[in-house]
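Report on one structure; see the data block that follows.
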Amino acid sequence: MRLPDVNVQLLPIKAHFFLSNGGTSPLTPYLTTVAKQRGYSARLVGAVFSVLPLAAVFARPVFGAVADHFRCQKTMFLCFIVVVTLITASYDLVPDPPADVDNRRDEIALATHQFWLFCVFLAARYVTISIVTTLSETMCLQSLGKDTHKFGQQRLWGCIGWGSVSMMTGWLIDWYSGESSIKNYTPGIIVSIVFLLADLLVAFNIDDCQSDVVSKHIFKDLRKVLGDIKVVSFLIWVIFFGIFYGSISLYLLWHMEELVTRYHPEKYSSIKTIQGTLFAIKCFGGEAPFFFLSGKIIKKVGHLNSIIIGLATLSFRFFLYFIIKDPVWVLPVELLSSLGFALPYSAMTAYACVLAPEGLKSTVQGLFSTIFQGVGVGLGSLITGYLFNEIGSSETYLVLSILALVVCCIQTITIKIMARTSKSHENSDVN
C-alpha cells in the first residue's frame with residue numbers, strides 16, 4: 001500500500017502550531033471572564049481590551065521590519081516564545097483586587113495598583129503572543145513557497161491543539177475549583193507552561209526560509225504597497241472581520257456566563273467544562289476540517305469571495321447567539337466557525353502574502369496582523385464591551401448580526417465594481 005506523501009520540512013511548523021496554540025489556550029480565552037471574576041465591569045474590560053492591541057499596532061510591524069532588515073526572523077521567534085512562557089508563569093504574582101471593587105464602581109478599580117498590574121500582565125502577554133503569531137505565520141508561508149493556499153492545512157494543527165487542550169483545561173479548572181464560586185486557574189497555568197516549553201524545543205527545528213532579498217527602502221516600498229486600491233480595500237474588510245472576531249473571542253464566554261446567571265444558575269459549577277467543550281467542538285468540528293479544505297475552496301472561489309462567505313456566516317451566527325437562552329445550545333453553533341473563521345482567515349493570510357513584494361513578507365504580514373488584531377479586534381472589544389454594559393449581551397449580538405449582513409452586502413458590491421474596473425483597464429491596455 002502506498003503511503004501518503006509527507007513534506008518532512010513542514011512537520012516542525014505543524015508541531016509548533018499545535019503546541020503554541022495548546023500552550024496559550026488554557027488562559028487566553030478566559031481572560032475576560034477572569035476580569036469579570038475580579039469585579040470589573042463589561043465597559044471597563046472592553047476599554048482595556050481595546051487599548052491592548054494598540055501596543056501590538058506598533059510592535060508587530062516594527063519587529064516584522066527588524067526581522068526583514070537584519071534577517072533575524074528565527075532568533076527573534078525563539079526569544080519571544082521564551083518571553084511568553086515567562087509572562088504566563090507570572091500570572092499568580094498578580095494580586096487580587098480589594099473587596100470593595102465591584103462592577104458598579106469602575107473608578108475604584110482604576111485607583112488600585114492591582115488593576116494596573118493586571119493590565120500590565122495582559123498587555124505584555126498580548127503583545128508577545130501577537131509577535132510570535134506573526135513570525136510563525138510568516139515562516140510557514142515562506143516554507144510553503146508558491147503553495148500559499150496550503151496555509152490552512154498547516155494552521156489546522158493550531159486548531160487541534162487549541163481544541164484538545166481547552167477541553168481538558170476547562171474540566172481541570174472546574175475540578176480544582178470544586179463548588180466554589182471563584183474559579184482557580186492554576187491547572188491552566190501549569191498546562192500552559194508545559195506546552196510552551198515543548199514548543200520552544202520544537203521551534204529550534206523549524207527551517208529558516210527567510211528570503212535573501214532585503215528591501216533597502218522599507219518605508220518607501222511599504223508606502224507603494226499601501227497606495228494600491230486592492231490593498232486598501234482589503235485592509236478595510238480585515239478591520240470589520242477583526243471587529244466581529246473580537247466580539248466572539250473576547251465576549252462569547254462572558255455571554256454564556258450571563259445566560260447561566262439569568263436562566264440556568266444550576267449549571268454554574270460546570271460552566272468551565274461547558275466552555276472547554278465549546279472550544280473542542282469549534283476546533284475539531286468547525287475550524288480544523290476547513291483549515292484543511294480552505295486551499296481548495298480558495299482556489300475555487302477566490303480570496304475575497306471567501307471573506308464574503310465568512311461575513312454572511314458570522315451574521316447568521318450572531319443571530320443564533322441572540323435567540324439562544326441555554327449556554328449548552330451555543331456549542332453546536334460553533335460548528336459555523338468553519339465558514340465563519342477558518343476559511344476567511346486562511347484567505348486573508350494567504351492574500352496578504354500574495355500582495356507583499358519580496359523583501360517585505362514579514363513587514364506586510366505584520367501589517368495585516370496589526371490591522372486584524374490591533375485595530376479590528378481592539379474596536380470589537382470596545383464596541384462589544386460598551387454594548388454589553390448598555391443593552392445586554394443577547395441584544396448586542398443582534399446588533400452585530402445586522403452589521404455583519406450590511407458589511408457583507410457592501411463588500412459584495414465593491415468586489416463586483418473592482419472586477420469591472422480591472423477588466424476595463426485590461427481592455428484599455430490591449431487597445
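The values are calculated or read from the model by the stated rules, or taken from the named source; none is laboratory data. It should be emphasised that the depicted structure is a prediction, and the values quoted were computed from it without experimental measurement. Every residue, glycine as well, gets a Cβ built from its backbone with ideal geometry; the counts of neighbours run over all protein chains shown. Note: areas computed on protein heavy atoms with side chains; ligands, DNA, RNA excluded. Shrake-Rupley method; radii C 1.70, N 1.55, O 1.52, S 1.80 Å.
Structure notes:
- Calculated diffusion of segment 280-417, Stokes-Einstein form, Kirkwood radius summed over Cα pairs, 37 °C and 0.692 mPa s, µm²/s: 203
- Per-residue ellipticity at 222 nm from helix content only, as computed over the chain with -39500 (n - 2.57) for each DSSP H run of at least four residues, stands at -24500 deg cm²/dmol.
- The mean accessible area for residues of the chain, using a 1.4 Å probe and ignoring ligands and nucleic acids, is 43 Å² per residue.
- Cα centroid separation, segment 7-81 to segment 251-273 (Å): 27
- For segment 43-174, the normalised intensity computed at q = 0.09, 0.10, 0.20 Å⁻¹ comes to -0.38, -0.47, -1.28 (log10 of I(q)/I(0), Debye sum over alpha carbons, equal scatterers, no solvent).
- Note that segment 152-164 has calculated 3J(HN,Hα) couplings of x, 5, 8, 5, 4, 5, x, 4, 5, x, 4, x, 5 Hz, one per residue in order, obtained from phi through the Karplus relation 6.51 cos²θ - 1.76 cosθ + 1.60 (θ = phi - 60°); glycine and proline are x.
- Over the chain, relative contact order from alpha-carbon pairs under 8 Å, at least 6 apart, %: 29
- Rounded tilt (10° steps) of 11-24 against the dominant C-alpha axis of the chain: 30
- The charge dipole of segment 22-173, taken about the Cα centre with unit charges on the Cβ atoms of Lys, Arg (+1) and Asp, Glu (-1), comes to about 440 debye, rounded to the nearest 20.
- Relative contact order of segment 10-132, taken over Cα pairs closer than 8 Å and 6 or more residues apart, is 37 percent.
- Acute angle (nearest 10 degrees) that the helix 271-280 long axis makes with the longest principal axis of the chain, alpha-carbon atoms: 20
- Accessible surface of the chain, 1.4 Å probe: 67 percent of it comes from carbon and sulfur atoms.
- Segment 319-338-segment 119-152 distance, computed between alpha-carbon centres (Å): 28
- Taking 392, 374, 286 as the candidate residues, the one with maximal mean-square fluctuation in a Gaussian network model of the chain, Cα springs under 10 Å, is 392.
- Angle between the chain longest axis and helix 113-144 axis [Cα atoms, degrees, rounded to 10]: 30
- Lysine-lysine proximity count for segment 236-308, Cα under 27 Å, sequence distance 8 or more or distinct chains: 5
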